[in-house]
Amino acid sequence: MADDLTTTAQALVAPGKGVLAADESTGTIGKRFAAIDIESTEESRRAYRDALLSTPDLAESISGVIMYDETIRQSTSDGIPFPKMLADHGILPGIKVDTGAKDLALAPGEKVTEGLDGLRDRIAEYVELGAKFAKWRAVITIGDGIPSATCIDTNAHALARYAALCQEGGLVPIVEPEVLMDGDHSIERCFEVTEATQRAVFAALAIQRVDLEQMVLKPNMVLSGKDNERQADVEEVATQTLRCLRRTVPAAVPGIAFLSGGQGADMATEHLNAMSAMGPHPWVLTFSYGRALQDPALVAWKGEEANRDAGQQALSARCKANSAASQGKYRPDSAAA
C-alpha cells in the first residue's frame, strides 16, 4: 500500500496538473447558487457537478477532483458513478472528510475542525466508493490577539490524526491549514502566523508518524489581509510565500497545491505563476482551487442545460491557465488565459 500511496501523491502533483476542489457543502453551494438565482436541489447540484466533471479534456490539466459526501455517491446523467467516470478519464477521485469548523472551546473567535469521530469507518467506505485521496481543512483566523497557540496546536493535532488515519486506510491525505485572508492585517503578520501554523502542523505530523512522501500540502499564500490599505503586489506575495514554505516544509513532501482562499480567479493564477517562475523548488508547486476555477463556469452555466458547453469551456479555460501558471508559463493574453 505504501508504494501505491506514494504513486498517488506524486500523480496528484504531476507536472502541469492541479486539483479541482468541488467539495462545497450543501449549504455553501446553496449560497453560490442563490447568488445567481439557481434553486439548490439534489438534482440541480448533481447536474452542475456532472457538467463540471464531464468537461472534455479535463484530465489534461486536472489530476484529481475533491468531492463532497453527496457528490461521491451521485452519478452522471448516463448512470455512471462520478468516481468511476473520473477514474475512467485518468482523474483521481477524492473526498472531503472533515465535518466543518466549529467554535473552539474557551477561545473566542477561533475555530477547530471536527470529524475525527468515526473517521476510520468513513475512510473505509469512501475507499469502497472509489476515493484515492482525501482532504481536511483547518481554519486559522488572524485578529486582535489571535490566533492563540491553543488554536494552532489543536488544529495541527487534528490535521495530523486525520492524515495518519488516511494513510492507514489507503487514502493520500491533502493537509490544508488555511490562514484566512479576512481582516486588515499586514502581509508581515500573515507571514508570521503562516510560519507558526505550518511549523506546528509538521511537528504534529511527525508525532503521528505520517509519511511525508505520501501526502500533499494545501496551504494559503502569504497575503495582505483583504481589508489592509497596503495590498502586497504579485512579486512580494510570491517571494514571501516561498520564503515561508522553505522555512517550514520538508523537501520530502512531493508537492504543494495552493488554495485560492477567496482570491480572484486571475490573481490566484498570477501568484502561482510568479512562484513557479522563481524555481527550481524542493517540491512541485501547483493549485487546488475551488472558486478560482469554478466561479466563471457557474456564471456561464446559470443552471441551464443549454449553457452546459459554455460552463465547461469557462472551466477548461481556467484549468489551462493554471496549468500554465504551475509551470511558470502563464501569459494573461495567451490562449490559455
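Coordinate-derived values only; no laboratory data. Source: prediction; values computed, not measured. We place every Cβ from the backbone using ideal geometry, glycine too, and count neighbours over all the protein chains shown.
Side notes on the structure shown:
- Take every pair of alpha-carbon atoms less than 8 Å apart whose residues are at least six positions apart; their mean separation over the length of the chain yields a relative contact order of 18 percent.
- Listed pairs Lys17/Lys96; Lys102/Lys329; Lys17/Lys302 exceeding 29 Å between Cα atoms: Lys102/Lys329
- Residue order for Phe133, Phe202, fewest other beta carbons within 10 angstrom first, comes to Phe202, Phe133.
- Residue among Arg45, Arg308, Arg247 with the largest mean-square fluctuation in a Gaussian network model of the chain, springs linking Cα atoms under 10 Å: Arg247
- Per principal axis, descending, Cα span of region 27-147 in whole Å: 51, 38, 26
- Charge dipole of region 2-325 (Cα centre as origin; +1 on each Lys and Arg Cβ, -1 on each Asp and Glu Cβ, all else neutral): 460 debye, rounded to the nearest 20.
- 222 nm mean residue ellipticity, helices alone, for the chain (DSSP H n ≥ 4; -39,500 (n - 2.57); rounded to 500): -14500 deg cm²/dmol
- Region 148-216 versus region 71-104: alpha-carbon centroid distance in Å: 23
- GNM flexibility winner over the chain from Leu52, Leu159, Leu129 (Cα, springs under 10 Å): Leu129
- Helical segments meeting 27 Å axial Cα length and Kyte-Doolittle -1.0 threshold in the chain (DSSP H): 149-169, 187-207
- Most mobile listed residue (Ala257, Ala11, Ala156) in the chain, GNM with C-alpha springs under 10 Å: Ala11
- When Ser323, Ser288 are arranged by Cβ crowding within 10 Å, least crowded first, meaning fewest neighbours, the order is Ser323, Ser288.
- Residue order, fewest to most beta carbons within 10 Å, for Lys329, Lys111, Lys17: Lys329, Lys111, Lys17
- Volume in Å³ per residue [convex hull over Cα atoms, computed for region 60-109]: 110
- Longest stretch of the chain clear of exposed loop sites (GluC sites (Glu not before Pro), DSSP loop, at most 13 other Cβ atoms within 10 Å, sites excluded): 115-228.
- Fraction of antiparallel bridges per DSSP, region 2-325 only, in percent to nearest 5: 15
- A compact globular protein would have a Cα radius of gyration near 2.2 N^0.38 Å; the ratio found for the chain is 0.93.
- Spacing of the two label points (7 Å from each Cα toward its C-beta) at Asp227 and Arg120, in nm: 4.4
- Inter-part distance where region 110-134 and region 1-15 are each reduced to a Cα centre, Å: 19
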